[in-house]
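J.: Before anything else, here's the structure in question.
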Amino acid sequence: MNRRIFTQMISLAAGSTVVLQADAQERSDEENPPTDGPKSDEAGGPRHAALDAPREPVKVEDFKALAKAKLPTATFDYITTGSADEITLRQNVKAFRRIKILPPLLTGVSEADLSTIVLNQPVALPVLLAPVAAQRMYHPRGALAAARAAGAARTIFAVSSSAGHSVEQIAGASEGPKWFQLYVPKDRAVARRLVERVERAGYQAIVVTVDLGEWKDADRRNRFALPKEMLVRHLRDVGFDQVTEEMSYQDVLDFNERAWDLSLSWEFFDWLRSITTLPLLIKGVLRGEDARKAVSIGLEGVIVSNHGGRKLDGMPASITMLPGVVEAVDGRAEVYLDGGVRRGTDVLKALALGAKAVLIGRPYAWALAADGEDGVRKVIELLREELLNAMIATGCAKIREIRPSLVMNDTSRGQE
């Protein structure tokens, strides 16, 4: 992938003039944000037809249709599409369908408690919000709205370095627990100051995403261009104070290209551990040997993920690799699953196979686009209701009662 394109994606994942609209709306209506997303003529591109959009969402996929009806085509495609032929993207979802649930009979369970504890933080359900970049492309309030929704649901919001608002703004948006996903500046002084800000703002853990990069046909076809104003704001939010609006767009692009460390090694975690006491998680693990290495150096969490099928097509589904990672970790760290979760039954399956919790990305990005904070609240609530139903149906009154015996793991079949 062209390095310049990739470093732009690290900064805000992609560009759209909707971010400029978001800036204007933020300045004019900071305390009373609009609930509607961007209109087509304001967002720099045509919207998809709304003919198939449901009036009231009753499942995650309904939010996808609502987002498609509301967003410019290029922005919707950025959220929704995957790498190359999208085999991994599809398999993330299909692999869940190949896992069958085997409910025991006559369990006498009529209600269930979905609460659990992740990294010593009580949460109301084992569904967390994954790091998602450029959230102000989807809704003017972006990560601020997502933070409020996660806080209201009493779950964790894992905040992307590239969310589009500063560490402090997102921390102040809600009192709910938050993790911070760190993209690493080459300048370790900048990185150190950013980590210190994260700690002062009250974040409870740091997630290091190591499966960097994206290669998506739709993004190249749509020719995303990151607006200068947005790139400058992001770089300054990270801590690159030398970047200013007075610089030419080319100078800002050149600076951004040089700013990020794209060749991390395991030794980076030694440095990170030396400057923070926060729990550390690694995101992007699929191989058992990598999971063993992660726990051997003392990382507290391992997130099984293939970057949502956005990085390299042909990678296996996250849920397929989960049992092997759980076995390799052997209880020495908490294991999470990211990728392909679309139903409450998917959450049940992941927990049965050893995940402590799951993270969702596209589902809440679609919901954010569809209806802002209310949309994100709704999608979390839908998954909560579906998981509740699944737990009662399988006789699980508590999360800890979800066992491997509840599922028939057949993820090795039917790969494309």
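J.: Cα convex hull of the chain: mean projected area in nm², to one decimal? Please list the in-between numbers first.
T.: On the way: hull surface 76.6 nm².
Reported value for the Cα convex hull: 19.2 nm².
J.: Rank these for me by crowding, 220, 90, going from fewest to most other beta carbons within 10 Å.
T.: Details: 220 12, 90 16.
Ascending Cβ contact count within 10 Å gives the list 220, 90.
J.: Using amide H atoms built in the peptide plane, which far-off residues or other-chain residues are under 5 Å from residue 209 H to H?
T.: Placed amide hydrogens put 182, 283 under 5 Å from residue 209.
J.: Also: Under a GNM of the chain (C-alpha, springs under 10 Å), which listed residue has the highest mean-square fluctuation: 339, 395, 142?
T.: 395
J.: In straight Cα distance, which lysines are under 30 Å from residue 398, not counting same-chain residues fewer than 8 positions off?
T.: Candidates past the 8-residue exclusion: 59, 94, 100, 178, 283, 349, 356, 378.
J.: Then there is this: Take the Cβ-Cβ distance between residue 273 and residue 193 as r, set R0 to 25 Å, and report the resulting FRET efficiency rounded to the nearest 0.05. Write down the numbers at each step before the final one.
T.: Numbers: r = 17 Å, r/R0 = 0.68.
FRET efficiency, residue 273 to residue 193: 0.90.
J.: Over the chain, with a Gaussian network built from C-alpha contacts below 10 Å, which listed residue (308, 375, 108) shows the highest mean-square fluctuation?
T.: Sorting by GNM fluctuation, first place goes to 108.
J.: Still on this structure, please answer the following. Does the stretch 182-297 classify as rounded, prolate or oblate by the C-alpha gyration tensor (a ≥ b ≥ c root eigenvalues; a/c under 1.5 gives rounded; else a/b over b/c gives prolate, otherwise oblate)? List each step's numbers first, then the result.
T.: Details: a/c = 2.38, a/b = 1.37, b/c = 1.73.
Note, shape of the stretch 182-297 comes out oblate.
J.: Taking springs between alpha-carbon atoms closer than 10 angstrom, which of 274, 318, 305 fluctuates most in the Gaussian network model of the chain?
T.: Top of the fluctuation ranking is 274.
J.: Using modelled amide H (1.01 Å from N, peptide plane; none on Pro or chain starts), what sits under 5 Å from the amide H of residue 159, excluding residues fewer than 5 places away?
T.: 179, 180, 181
J.: Label residue 247 and residue 73 with points 7 Å out from Cα along Cα→Cβ: what is the distance between them in nm?
T.: Spacing of the two 7 Å Cα→Cβ label points: 3.4 nm.
J.: Compute the whole-percent fraction of alpha carbon pairs in the stretch 58-188 spaced more than 20 Å apart. Walk me through the numbers before you get to the answer.
T.: Working: 5229 of 8515 pairs.
That tail contains 61 percent of the Cα-Cα pairs.
J.: Could you work out [θ]222 nm for the chain from helices alone, using -39500 (n - 2.57) per DSSP H run of at least four and dividing by all its residues? Round to the nearest 500 deg cm²/dmol. Walk me through the numbers before you get to the answer.
T.: Working: 16 runs with 182 residues, N = 416.
Mean residue ellipticity at 222 nm (helix-derived): -13500 deg cm²/dmol.
J.: Mind checking which helices in the chain clear 24 Å along their axis (Cα) and have mean Kyte-Doolittle hydropathy of -0.5 or more, DSSP H runs only? Before the final figure, lay out each step's value.
T.: Details: long enough: 362-393 (32 Å, 0.08).
Long hydrophobic helices here: 362-393.
J.: Of the beta bridges DSSP finds with both residues in the chain, what % are antiparallel, to the nearest 5? Write down the numbers at each step before the final one.
T.: Details: 7 of 33 bridges.
Bridges in the chain are about 20 percent antiparallel.
J.: Could I ask something else about it? Output the relative contact order of the chain, whole-number percent, from Cα pairs under 8 angstrom with separation of 6+ residues. Let's see the in-between values first.
T.: Working: 868 pairs, mean separation 108.2, N = 416.
Reported as a whole number, the value is 26 percent.
Read-outs: derived from the displayed coordinates by stated rules, not from any lab. Just so we're clear, the structure is a prediction, and the values are computed from it rather than from any experiment. Neighbour counts run over all protein chains shown; Cβ positions are idealised from the backbone, glycine included.
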